[in-house]
Amino acid sequence: MGLVALGAAGLNAVHGQDTAPPPYKPWNVSVALRGFYDDNINTTPNGTNKVGSLGGQVSPGVGLDWRNDQSTLKVNYTYTLRWYDKEPAGNTSHYDQDHQFDGEFDHAFSERYQLGVKDSFVVGQEPDFLRTAYAISEPQRVAGSNIRNYGQINFDAQLTPLFGLELGYANAYFDYADHGVRIDNSVIPAVVNPSLAGTLNRMEHTIHLDGRFQMMPETIAIVGYQYREVDYTGNELISATLLGFSGGQPMYLVQSSDARNSDAHYGYVGLDHNFNPDFSGSFRVGLSDTDYYNSPDKANDVSPYVLASLRYNYAVESYGEIGFSYDRNPTDLITPDARGNLTLGEESAVVYGNIYHRIIPKLFASLLAQFQNSTFTDGQFNGSSQRLFLVGLDLKYSFNSYLSADVGYNYDRLESDVPGDNYDRNRVYFGVTGTY
C-alpha cells in the first residue's frame with residue numbers, strides 16, 4: 001500500500017488534482033501489480049494435502065478501441081505472470097502464466113442489417129477462467145497451459161418494421177495440458193485413469209436462428225431454434241469395463257474420448273423487454289433433445305432449457321444484474337456403471353448476480369456471486385449432484401484517470417456427492433493498476 005501512495009503522490013504532482021478523463025485515443029496500455037494469499041492453491045479437500053501460499057503477480061496489457069460511423073473494433077490482450085511461494089501441484093516451477101485475448105467487431109451495413117463478431121482466447125489454470133458460458137465443467141484448478149477459445153458471429157436483419165431475423169454461429173475449443181491415459185494392468189479389472197485431455201478436449205459448434213417480433217415499442221417476442229454439436233477430440237482411451245471372461249481371459253468394453261460425442265436440437269420462445277431506459281430483461285425457455293450417438297446404449301435425453309437475465313442501472317456508475325440458466329454441459333467425470341455406460345454430461349442450474357456501486361466519486365465496490373447445481377446423467381453416479389459456490393468482493397479507489405488501487409476477497413466452495421471432490425478456498429489480494 002506504500003507503493004500505491006507513492007505512485008499516487010507522483011502522478012498528482014504531475015497532473016495536480018485533475019481527475020477528468022484523458023482525451024480519447026484509440027489505444028491504451030496498462031499494468032497491474034498484485035499481492036495475494038491463497039489458502040488452497042490446488043483446490044484439494046481439507047486435510048494434509050491442502051496447501052496455502054503467498055504470491056504476487058504482474059499483468060501488463062494493451063488495448064485498441066477504434067470506431068467510425070458504421071464500425072467498431074475493440075481488441076484487448078493481457079499477459080499475467082503469477083508467482084507462488086509454494087509450488088502448485090502439477091507445476092515444474094513456482095510460476096503460472098496466463099494469456100487473455102478478447103476481440104469484438106461490429107458493423108452496420110444499414111439501419112436494417114448488422115453484423116457482430118466476437119472472440120475470446122485464454123490460456124490459464126483457473127476453472128472460472130476456462131469456461132465459455134455460465135456453467136463450469138471442471139471446477140478444480142488445472143495445472144499447465146490449458147487453452148480455451150470461444151468465438152461467435154451474429155447477423156441481424158430487420159426485414160420489416162415488425163419482424164426481424166437473427167442468424168448466428170458459435171464455436172468453442174478446449175485443449176487441456178494433461179495428456180496421456182494411465183492404465184494399471186496388474187489388477188483385474190484393469191484400472192483406467194483418463195487424462196483431462198481425454199475427457200474434456202472438445203470442439204463445440206452451435207447454430208441458431210431466431211425470429212424476432214416487435215410486439216410493442218419496448219417488447220420483442222422471440223421464437224428460436226438451435227443446433228449444437230459436441231465433438232470430443234482427445235483421441236484417448238477413457239474407459240475399460242469388465243464384461244466377463246472368455247477362455248480365462250477378461251473381456252472389456254473399451255471406449256475412447258469420442259464415446260461421448262453428441263448433437264442436440266433446441267426449440268425455445270422468449271421475450272426481450274425494456275421496462276425503462278435503465279431497466280431491461282431477457283428471457284428464453286424451451287427444451288433440448290440430445291443424442292449421444294456413440295454411447296453403448298445410444299442414449300437420448302430431453303431436458304429443459306432456460307436463459308434469463310435482468311439488468312438495472314440504478315445510479316450514476318452503478319448497476320445490478322441477476323440471471324439464471326439451465327442447460328446441459330460436459331463434465332470431467334466419466335465413471336461407467338456395471339454395463340459400461342459412461343457419465344455423458346450433467347444438467348446444470350446456475351444462478352448468478354453482481355452489483356457494481358459507486359460509494360463516493362472515487363471509491364467503487366463490486367460484489368459477484370454464483371451458485372451452480374449440477375446433476376450427472378448416466379454412468380455410476382447417475383442422478384448424483386455437485387454444488388459450486390463462488391463469491392467475490394472488491395473495493396477499488398481511483399486516485400485519478402491513470403492510477404487505481406484495489407483490495408478484494410474470493411471464496412469458492414465445491415460440495416459433491418462424488419467422494420474426494422469437495423473443497424473450499426479463500427483468497428485475498430491487494431494491488432495497484434496504472435493505465436494510459
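The values are calculated or read from the model by the stated rules, or taken from the named source; none is laboratory data. On a predicted model such as this, the values are computed, not experimentally measured, just so you know. Glycine also receives a Cβ, built like all others from the backbone with ideal geometry; neighbour counts cover every protein chain displayed.
Among the numbered conditions (1) of a type outside the set (A, V, I, L, M, F, W, C); (2) modelled with pLDDT of 95 or more; (3) within 22 Å of residue 176 (Cβ to Cβ), tell me where residue 354 comes up short.
Looking at each condition in turn, residue 354 falls short on (3).
Taking the stretch 275-326 on its own, how many of its residues are touching a residue at least 12 places away in the same chain (Cβ under 8 Å) and farther than 30 Å from residue 241 by Cα?
34
Filter the stretch 178-203 for residues that are in a loop (DSSP other than H, G, I, E, B) and out of contact with any Asp or Glu (no Cβ under 8 Å at 6 or more places or on another chain) and give the result.
If the condition is that a residue be in a loop (DSSP other than H, G, I, E, B) and out of contact with any Asp or Glu (no Cβ under 8 Å at 6 or more places or on another chain), then 178, 185, 186, 187, 188, 189 are the ones that fit.
Within the stretch 188-198, can one find any residue that is among the hydrophobic types (A, V, I, L, M, F, W, C), touching a Pro at 6+ places or on another chain (Cβ under 6 Å), surrounded by fewer than 14 Cβ atoms within 10 Å (Cβ to Cβ) and touching a residue at least 24 places away in the same chain (Cβ under 8 Å)?
Yes: the stretch 188-198 contains one or more residues that are among the hydrophobic types (A, V, I, L, M, F, W, C), touching a Pro at 6+ places or on another chain (Cβ under 6 Å), surrounded by fewer than 14 Cβ atoms within 10 Å (Cβ to Cβ) and touching a residue at least 24 places away in the same chain (Cβ under 8 Å).
If a residue must be crowded, with 16+ Cβ neighbours inside 10 Å, assigned to a strand (DSSP E or B) and not acidic (Asp, Glu), how many such residues does the stretch 36-71 contain?
Number satisfying all stated conditions: 7.
Given the residues 186, 195, which is the only one that is more than 26 Å from residue 118 (Cβ to Cβ) and over 25 Å from the mean Cα position of the chain (by Cα)?
186
Residue 154: within 30 Å of residue 109 (Cα to Cα) and either exposed (fewer than 15 other Cβ atoms within 10 Å of the Cβ) or without any contact (Cβ under 8 Å) to a residue 60 or more places away in the chain (or both), yes or no?
yes
Quick test of your reading of the structure: residue 138 fulfils all but one of (1) of a type outside the set (A, V, I, L, M); (2) part of a strand (DSSP E or B); (3) farther than 19 Å from residue 59 by Cβ. Name the failing condition by number.
(2)
Tell me which residues, restricted to the stretch 204-225, are in a loop (DSSP other than H, G, I, E, B) and without any contact (Cβ under 8 Å) to a residue 12 or more places away in the chain.
217
Checking the structure you have, find out if any residue of the stretch 237-259 is on the phi < 0 side of the Ramachandran plot, assigned to a loop (DSSP other than H, G, I, E, B) and either in contact with a strand residue (DSSP E or B) (Cβ under 8 Å, 6 or more places away or on another chain) or crowded, with 16+ Cβ neighbours inside 10 Å (or both).
no
Please enumerate the residues belonging to the stretch 42-57 that are modelled with pLDDT of 95 or more and either within 30 Å of residue 110 (Cα to Cα) or under 22 Å from the mean Cα position of the chain (by Cα) (or both).
57
Would you check which residues across the stretch 72-96 are loosely packed, with under 14 Cβ neighbours inside 10 Å and either polar (S, T, N, Q) or within 21 Å of residue 30 (Cβ to Cβ) (or both) and list them?
81, 92, 93
Just one of (1) closer than 27 Å to residue 82 by Cβ; (2) charged (D, E, K, R); (3) modelled with pLDDT of 95 or more trips up residue 421, so point out which.
(3) is the only condition that residue 421 fails.
Quick one: residue 170 ticks every box in (1) under 27 Å from residue 84 (Cα atoms); (2) assigned to a strand (DSSP E or B) bar one, so which box is it?
Of the numbered conditions (1) under 27 Å from residue 84 (Cα atoms); (2) assigned to a strand (DSSP E or B), the odd one out for residue 170 is (1).
Quick check on the stretch 110-119: of everything there that is surrounded by fewer than 17 Cβ atoms within 10 Å (Cβ to Cβ) and in contact with a strand residue (DSSP E or B) (Cβ under 8 Å, 6 or more places away or on another chain), which residue is nearest to residue 40 (Cα to Cα)?
Of everything passing the filter in the stretch 110-119, 119 is nearest to residue 40 (Cα to Cα).
Does at least one position in the stretch 418-434 carry a residue that is closer than 20 Å to residue 353 by Cβ, acidic (Asp, Glu) and surrounded by 15 or more Cβ atoms within 10 Å (Cβ to Cβ)?
No, there is no match, as no residue in the stretch 418-434 is closer than 20 Å to residue 353 by Cβ, acidic (Asp, Glu) and surrounded by 15 or more Cβ atoms within 10 Å (Cβ to Cβ).
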